Each structure stands twice: as structure tokens, then as C-alpha cells.
Amino acid sequence: MKKIDIVIPCYNESKCVELIYSALKALFTKELSAYDWSVLYIDDGSQDDTLERIVKLSNMENSNVRYISFARNFGKESAIYAGLENADGDYVALMDADLQHPPHLLIDMIHAIEEEGYDCATARRVKREKESRIRNFFSNAFYHTINWATGMKLASGMTDYRLMKKQVAEAIVSMREHERFIKGIYSWIGFNSKWIEYENVERAEGDSKWNYRGLWNYAKTGIIAFATTPLKAVIYFGFLVILVAFIYAIKLFAMSVSGARPWQDTTTIILLLLFLGGVIILLLGVIGEYLARIYMEVKNRPIYIAKDKKLD
């Protein structure tokens with residue numbers, strides 16, 4: 001009997017941990033009874049009673065619940081890494097606790113791997129009518145931008161919800177960078193993946209942990225982690241500034257020779273200084289972002305620190 005480990009990152013999801021477990025239990029009891037299964041909760045430093053509820057589930061008779069609790073909030077990417085690192089099933093599933101990732105899609109995912117020969121199957125949202133147009137616009141713009149900048153093929157609406165062979169999970173864990181962007185890692189490692197499309201589902205309980213600031217930081221990390229295009233663009237931008245300055249200098253010289261305009265022009269000097277100063281600051285900021293990532297990587301700190309765990 002093949003075993004499926006289901007990794008569920010949690011941050012302040014006390015209202016959902018029992019709901020997702022009950023939904024999975026019903027699914028495996030009725031439709032996936034041919035598979036052994038277990039749930040590995042990753043408590044990402046929750047401030048509510050999420051951990052207490054997880055521990056309660058793990059202490060039930062014949063429990064198949066395991067957990068890792070972080071010493072603080074390390075972020076979802078670190079939680080995903082911890083889950084994949086400690087999963088030991090033939091297949092590993094990754095899904096959110098809030099039931100926005102429908103458990104019944106696991107049936108199609110298993111079919112894609114076992115019957116169609118894929119290495120993994122990934123859920124992709126195709127309808128997001130209840131989300132704001134602004135959020136949808138920025139989401140689509142992000143995928144177009146990162147695909148252009150990195151050469152990857154990230155599909156709009158792709159989620160972290162996926163089922164993969166153990167080999168795929170091990171490949172993800174082998175990438176130990178600290179600035180992690182899991183969607184980019186999925187694309188980089190390769191393997192054959194099938195998209196499983198579904199309509200967006202509302203959260204079962206609670207509120208989303210993502211705000212525009214968090215999404216911006218996530219997008220910035222993704223682009224910087226997998227793209228050198230901004231650094232290359234600096235070179236071309238520098239050439240463009242030099243060309244514009246050279247043409248403008250010729251124009252001013254011609255005007256001064258013809259008498260149309262005196263050569264001394266403090267306003268022009270000030271504008272040029274401001275423009276070039278702004279360009280320098282912008283370029284230093286881009287380089288600084290990359291240096292910051294290098295600085296964090298060379299520290300070689302652990303990706304997460306576990307305060308408590310139950311893996312038996």
C-alpha cells in the first residue's frame with residue numbers, strides 16, 4: 001500500500017486545522033481507501049492556539065498526525081521546506097489549511113501520476129471572480145514579468161497545492177537557499193507536471209494572511225531569486241543615459257554656437273545633476289538588493305528552527 005504524506009503549513013489557523021483534517025479523513029476513508037496517509041502540520045510560529053489543536057489531533061487514538069512547531073514565524077517558504085524535508089511517503093502532497101485547496105483534487109492528481117505518467121500534479125486557479133480586479137491585474141502582471149525576466153514558464157493562477165513523487169520532493173529539499181521562491185523552484189527542477197484546473201474557493205474560516213505588502217515582497221523575492229535581468233538591464237540603462245546626455249550636450253553646443261541660447265545654464269546643470277543622481281541611487285538600490293541576498297546566504301543560517309515536533 002502506497003503512502004501519501006500531506007504537508008500543511010499553518011500560521012494562526014486554529015479554526016481550520018481540524019476542518020482540513022476531517023475533510024482529508026473523509027476523502028481517504030471513502031474514495032482513497034487504497035492508500036495509507038498521514039498529515040504533517042508545520043506550525044509557523046502561530047500566536048493563537050493552532051499548535052494546541054494540532055497536538056490534540058496528534059494525541060488521538062490511532063492518530064496519523066505529525067507536526068513540527070517553529071520557534072518563531074519563519075514564513076511559509078520555510079514551512080514548506082520543513083514539511084518536504086521530513087515527509088517520508090511514496091507521494092508528498094502540499095496544501096493550505098484553509099480549504100481553499102479542495103482535497104478532492106487529490107484524486108485527479110493521483111490519476112495523473114499513476115495512470116498518465118507525470119512526476120507531479122499542480123492545482124491552478126482558473127476563476128477568481130471574488131477577488132478584486134486590482135489584485136487580479138497585479139497577479140497576472142507578476143507572472144508575465146517573471147516569465148520574461150527569468151525565462152521560466154510559470155502559469156498564471158498556479159498555486160502551492162500539488163502532489164509529487166518522493167523524488168521531486170527530495171529535489172526541492174536539495175536546494176537550500178534561504179531566499180526561497182517555491183514556484184520558481186518548481187519550474188527550475190524540471191520533471192513532468194500536469195496542471196489540474198479548478199475554480200477559486202473561499203476560505204473555510206478566518207482571514208487571508210496575505211496583504212499587498214506581503215505580495216509585493218513575495219514577488220520581489222521571486223524575481224531577484226531567479227533573474228539576473230535587472231543587473232543586466234543596469235548596463236543597458238547606463239548606456240542609454242550616456243547616449244541621452246551626449247545628444248543633449250551636442251544640442252546645447254549647437255545652440256550656443258548659433259547664439260540661440262547661452263552655454264551657461266545653471267538650470268540645465270541642476271537638472272542633469274538631479275537626473276544622474278537619481279539614476280545612480282536607483283542602480284545602487286538594484287545592486288544592493290542582490291548584495292543583501294548574497295549577505296544572507298553566506299551567513300548559512302538554518303532555514304527554520306523547530307521548538308517542538310512529533311514525527312513518529
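The values are calculated or read from the model by the stated rules, or taken from the named source; none is laboratory data. Just so you know, these numbers come straight off a predicted model, no measurement behind them. FYI the Cβ positions are ideal-geometry reconstructions off the backbone, even for glycines, and counts take in every protein chain you see. All accessible areas refer to the heavy atoms of the entire protein, side chains included, with ligands and DNA or RNA removed. Shrake-Rupley method; radii C 1.70, N 1.55, O 1.52, S 1.80 Å.
Per-peptide packing, taken as the mean over residues of other Cβ atoms within 10 Å, places 11-18, 104-111, 29-36 in the sequence 11-18, 104-111, 29-36 from highest down.
Counting only protein heavy atoms and a 1.4 Å probe, the stretch 1-130 has 41 square angstrom of accessible area per residue.
Shape summary: the stretch 42-86 maps onto an equivalent ellipsoid whose semi-axes, from the alpha-carbon gyration tensor, are 20, 14, 5 Å in decreasing order.
On the basis of the beta-carbon distance and an R0 of 22 Å, Ala71 and Asp108 show a calculated FRET efficiency of 0.05.
Do any of Lys166/Lys310; Lys30/Lys194; Lys30/Lys56; Lys2/Lys183; Lys56/Lys194 go past 29 Å between their Cα atoms, and which? From the list (Lys166/Lys310; Lys30/Lys194; Lys30/Lys56; Lys2/Lys183; Lys56/Lys194), the Cα-Cα distance tops 29 Å for Lys56/Lys194.
The phi torsions of the stretch 164-177, fed into the Karplus equation with coefficients 6.51, -1.76 and 1.60 and a -60° offset, translate into couplings of 9, 5, 4, 4, 5, 4, 5, 5, 5, 5, 5, 8, 9, 5 Hz, rounded to whole numbers, with Gly and Pro shown as x.
Pop the C-beta distance of Leu282 and Met175 into the FRET formula with R0 = 51 Å and round what comes out to the nearest 0.05. Mind dumping the intermediate values first?
On the way: r = 30 Å, r/R0 = 0.60.
The pair Leu282/Met175 has a calculated efficiency of 0.95.
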